[in-house]
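These notes concern the structure reproduced below.
The values are calculated or read from the model by the stated rules, or taken from the named source; none is laboratory data. Note that this is a predicted model, so its numbers are computed, not measured. In this analysis, Cβ positions are derived from the backbone assuming ideal geometry, glycine residues included, and neighbour counts consider all displayed protein chains.
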Amino acid sequence: MQPDLFAESREAIPLGPGAVLLGGFGLAEASPLLAEIPRLAAISPFRHMTTRSGGRLSVAMFNCGETGWVSDRKGYRYQPLDPETGLNWPPLPQAFLSLAGRAAARAGYDGFLPDACLVNRYDAETRLSLHQDMDERDRAAPIVSVSLGLSASFLWGGLARGDKVRRHRVHHGDVVVWGGPSRLVFHGLDSVERGHHPETGPWRYNLTFRKARCRETS
Ligand code: MD3
Ligand code: FE
């Protein structure tokens, strides 16, 4: 057995009001979660989306769920069809829904039923600059994020762009839940470690669960 070097990171670390990093919360399920990714990507492949200004997002992504986040020359939005395939995004796997619901409940948000999961893939060159998640109609629901594979440095700011930014390391199996007063906090991803993860090779994956639609309305 290896010594428990990351015991500290397996605890719950409060990030701010309504926001918590649940160290290792998804660790026991990480392998089955990862096993879903190639199955889903066979339906909606990873792609680098375009921004309004014509740039290319360095993070590769696809969605699963009833609706999915897209970016193109027209801007950002959620839509039920994958623009690459013209088909629905693949359904959210039960294992995804189950973990997201339990993590949200652990953070104090009962009954979280996401309708969208953005699957992000990063390599060591990928950055995600400081931004707010503003495109979801249901701001009452939290966001749940699951880190898989290589570790990374997560940027956690405040409600204004100029607020002080803290860095937190996120590791394989960590889950972060944001809601309430922290729902619109500026955040981003700084550096992904270089190297090889036994389960994901050169990648970090992130599952970001959101409720984009309000209740039953579309
Ligand atoms: C913090 N993804 O896809 S975790 C994103 O690691 C995104 O893939 C990062 O930011 C990643 O938009 C960061 C997800 C996350 C999502 C929503 C948040 C962090 C958040 C809302 C408020 C504060
Ligand atoms: Fe975000």
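The table below gives the values:
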{"item": "Looking only at the stretch 75-89, and only at residues there that are free of Cβ contacts under 8 Å to residues at least 60 places away in the same chain and under 17 Å from the mean Cα position of the chain (by Cα), the one that is surrounded by the most Cβ atoms within 10 Å (Cβ to Cβ)", "result": "89"}
{"item": "Complete set of residues in the stretch 167-191 that are more than 9 Å from ligand 1 (Cβ to nearest atom) and either touching a residue at least 60 places away in the same chain (Cβ under 8 Å) or of a type in the set (Asp, Glu) (or both)", "result": "168, 169, 171, 172, 173, 174, 175, 177, 180, 181, 190, 191"}
{"item": "Residues (more than 13 Å from ligand 2 (Cβ to nearest atom) and assigned to a loop (DSSP other than H, G, I, E, B)) located in the stretch 152-163", "result": "158, 159, 160, 161, 162, 163"}
{"item": "Which numbered condition residue 62 fails, given (1) free of Cβ contacts under 8 Å to residues at least 60 places away in the same chain; (2) closer than 27 Å to residue 11 by Cα; (3) hydrophobic (A, V, I, L, M, F, W, C)", "result": "(2)"}
{"item": "Residue in the stretch 51-65 that is crowded, with 21+ Cβ neighbours inside 10 Å, more than 24 Å from residue 190 (Cα to Cα), within 16 Å of ligand 1 (Cβ to nearest atom) and of a type in the set (Gly, Ala, Ser) present", "result": "yes"}
{"item": "Residue in the stretch 133-154 that is modelled with pLDDT of 95 or more and farther than 26 Å from residue 36 by Cα present", "result": "no"}
{"item": "Boolean, residue 45 is touching a residue at least 24 places away in the same chain (Cβ under 8 Å) and either touching an Asp or Glu at 6+ places or on another chain (Cβ under 7 Å) or not charged (D, E, K, R) (or both)", "result": "yes"}
{"item": "Residue count, the stretch 108-122 (criterion: over 19 Å from residue 71 (Cβ atoms) and in contact (Cβ under 8 Å) with a residue 60 or more places away in the chain)", "result": "5"}
{"item": "One residue from 102, 121, 106 being surrounded by 13 or more Cβ atoms within 10 Å (Cβ to Cβ), touching a Leu at 6+ places or on another chain (Cβ under 8 Å) and of a type in the set (D, E, K, R)", "result": "106"}
{"item": "Answer residue from the stretch 164-218, given it is assigned to a strand (DSSP E or B) and of a type in the set (S, T, N, Q) and is nearest to ligand 2 (Cβ to nearest atom) among those", "result": "208"}
{"item": "Of the criteria (1) more than 14 Å from the chain's Cα centre (by Cα); (2) closer than 17 Å to residue 20 by Cβ; (3) within 10 Å of ligand 1 (Cβ to nearest atom), which one residue 130 fails", "result": "(2)"}
{"item": "Only one of 147, 129, 151 that is hydroxyl-bearing (Ser, Thr, Tyr) and surrounded by fewer than 19 Cβ atoms within 10 Å (Cβ to Cβ)", "result": "129"}
{"item": "Test: residue in the stretch 172-184 that is out of contact with any Leu (no Cβ under 7 Å at 6 or more places or on another chain) and closer than 21 Å to residue 46 by Cα", "result": "no"}
